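This is the structure I want to talk about, given as structure tokens.
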Amino acid sequence: MDITSNFTIGSTEQLISNKSQSNSDLSMDDFLQIMAAAIKMPAMSEEGGGSSGGSTDYMAQMIQFSTMEQLKDLTESLNTTMLMTQQQQALAMIGKTVTVTGEASIVTGVVDKVKFSNGFATLMIGGKDYYLNDVQSIGE
């Protein structure tokens, strides 16, 4: 998921993917068209291992395809929820004393402000940015 550099806190509109569909992606409409074509043109003969595929085969394939599509949507929704939760957690730390793991040492200081870089919350402590996942402890 790409996050734009002008991401606004509280906005999920910018998370909507503008990716174009590649040739390997198959929509539900594409799948239904292929399935309808397969039903219209059954195998020429049942001999030689050919199979026209029963309606249960088609239904099972459609259910699997639908499940995969729903899992993709659920993943996108969970990613949005996770990002919004991270934003709320970071904003709640403004003015609090935190201990973070720096590049070479452990730093303790007051969170001056919160910035979002590439979709990840960064806390400014003493003029230096630290990622939210670098936080070791939070105090008042």
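Give the residue that is nearest to the chain's Cα centre (by Cα), with candidates limited to residues of the stretch 97-121 that are under 24 Å from THR81 (Cα atoms) and touching a residue at least 24 places away in the same chain (Cβ under 8 Å).
GLY119
It is to be established whether one or more residues within the stretch 52-70 are of a type in the set (Ser, Thr, Tyr) and modelled with pLDDT of 85 or more.
There is at least one residue in the stretch 52-70 that is of a type in the set (Ser, Thr, Tyr) and modelled with pLDDT of 85 or more.
Now, a different point. From the list SER77, SER45, SER137, pick out the single residue that is surrounded by fewer than 14 Cβ atoms within 10 Å (Cβ to Cβ), modelled with pLDDT of 85 or more, polar (S, T, N, Q) and not in a helix (DSSP H, G or I).
SER137
Looking at the stretch 85-99, is at least one residue at positive phi and loosely packed, with under 15 Cβ neighbours inside 10 Å?
yes
The values are calculated or read from the model by the stated rules, or taken from the named source; none is laboratory data. Remember, predicted model here, so these are calculated numbers, not experimental data. Cβ atoms come from the backbone with ideal geometry, glycine included; neighbour counts cover every protein chain shown.
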